[in-house]
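Comments concern the structure below.
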Amino acid sequence: MKGDGGHEPHWYYATAGERHGPTSEQRLADLIRTRTITSQSLVWNPTMTGWQCVSASPLAIHLTAETMNPPPLTGDAVNNSIVWVLAFAPLIGVLLEGIVGGIIGAARESLWFITLILNVLLASADATNLRKAGHETSKMGAAWLVPVYLFKRAKLLRQNNAYFVVWCVLFALLLMGVL
């Protein structure tokens with residue numbers, strides 16, 4: 001795209017609240033391709049009246065299906081609150097079994113399915129959150145395979161295995177009758 005006098009207009013772009021530029025359209029096309037800037041990033045050049053999203057600017061021609069879809073959120077940006085509740089689900093399940101058993105007059109051991117259901121529901125809810133964050137969860141194992149799910153989740157998000165270890169220790173204590 002050529003501006004007045006046959007010169008390429010100088011482009012500016014914004015990332016993290018900072019203005020950058022001037023730079024060429026080719027440089028911005030490279031930044032789009034590498035996802036340094038996205039379809040929603042703001043750009044401006046002297047031919048425009050104000051800042052616009054890349055997708056609404058002349059730079060939209062550089063957007064492809066791949067660059068229009070943002071990458072998944074990184075492990076630091078994903079909400080881990082459900083996975084930490086899941087890590088303690090064996091203990092929480094035992095407490096719920098005791099409460100329900102006390103209310104209905106049943107032995108806690110006969111209510112083992114409460115812990116199972118709790119684990120499955122929490123793993124399913126966490127998997128839903130990961131999908132909303134852009135991650136593919138179909139290869140992480142079914143929700144009822146909680147330790148496999150937790151291990152693969154930590155690997156996928158490049159997080160440490162702390163929640164996996166906590167769940168395994170609590171489950172082992174549950175099996176040994178300590179809980």
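Any idea how many Lys pairs in the chain come in under 30 angstrom at the alpha carbon, given 8 or more places apart or on separate chains? Within the chain, the lysine pair count is 4.
Please work out whether region 12-115 counts as rounded, prolate or oblate from its C-alpha gyration tensor, where a ≥ b ≥ c are the square roots of the eigenvalues and a/c under 1.5 means rounded, while otherwise a/b larger than b/c means prolate and anything else oblate? It is prolate, given that a/c is not under 1.5 and a/b is the larger ratio. Report, to the nearest 10°, how far helix 146-156 tilts away from the longest principal axis of the Cα atoms in the chain, using its own Cα long axis and a range of 0 to 90°. The helix 146-156 is inclined about 20 degrees to the chain. GNM on the chain, alpha-carbon springs under 10 angstrom: the most fluctuating residue among 75, 134, 50 is 50.
Hey, can you rank 53-62, 102-111 by average C-beta count inside 10 Å, highest first? Write down the numbers at each step before the final one.
Details: 53-62: 17.1, 102-111: 10.6.
Result, highest mean Cβ count within 10 Å first: 53-62, 102-111.
Give the angle, between 0 and 90 degrees and rounded to the nearest 10, that separates the Cα long axis of helix 113-132 from the longest principal axis of the Cα atoms of the chain. Relative to the chain, helix 113-132 is tipped by roughly 0 degrees. Phi angles of region 11-16 translate, via the Karplus equation with coefficients 6.51, -1.76, 1.60 and θ = phi - 60°, into HN-Hα couplings of 9, 10, 9, 10, 9, 6 Hz per residue; Gly and Pro are given as x. Let me have the 222 nm mean residue ellipticity of the chain computed from DSSP H runs of 4+ only, each contributing -39500 (n - 2.57), with the sum over all residues rounded to the nearest 500. After summing the helix terms and dividing by the residues of the chain, the value is -14000 deg cm²/dmol. Recomputing Rg and Dmax of the Cα atoms in Å from the coordinates shown identifies the correct label among (1) 25.2, 88; (2) 15.7, 52; (3) 17.9, 56 as (1).
If I take every Cα pair under 8 Å that is 6 or more residues apart in the chain, average their sequence separation and divide by the length, what percent do I get for the relative contact order? Display every interim value, and only then the final one.
On the way: 208 pairs, mean separation 28.2, N = 179.
Relative CO of the chain lands at 16 percent.
For the ranges 11-18, 25-32, what's the packing order if you count other beta-carbon atoms within 10 Å of each residue, average per peptide, and put the highest first? All intermediate terms of the calculation are to be shown ahead of the outcome.
Values: 11-18: 14.1, 25-32: 18.0.
Sorting 11-18, 25-32 by mean packing, highest first, produces 25-32, 11-18.
Rounded to the nearest 10 degrees, the inclination of helix 162-175 to the longest alpha-carbon principal axis of the chain is 10 degrees.
Which whole-number percent is the relative contact order of region 81-175 (Cα, under 8 Å, 6+ apart)? Display every interim value, and only then the final one.
On the way: 93 pairs, mean separation 30.8, N = 95.
Across region 81-175, relative contact order equals 32 percent.
With a ≥ b ≥ c the root eigenvalues of the C-alpha gyration tensor of region 18-77, is it rounded (a/c under 1.5), prolate (a/b larger than b/c) or oblate? Prolate, since a/c reaches 1.5 and a/b exceeds b/c.
None of the figures in this text is laboratory data; all of them are computed from the coordinates on show. Every value quoted in this text rests on a predicted model; they were computed, and no experiment measured them. Don't worry about glycine lacking a Cβ; one is built from the backbone with ideal geometry, like all the others, and counts go over all protein chains shown.
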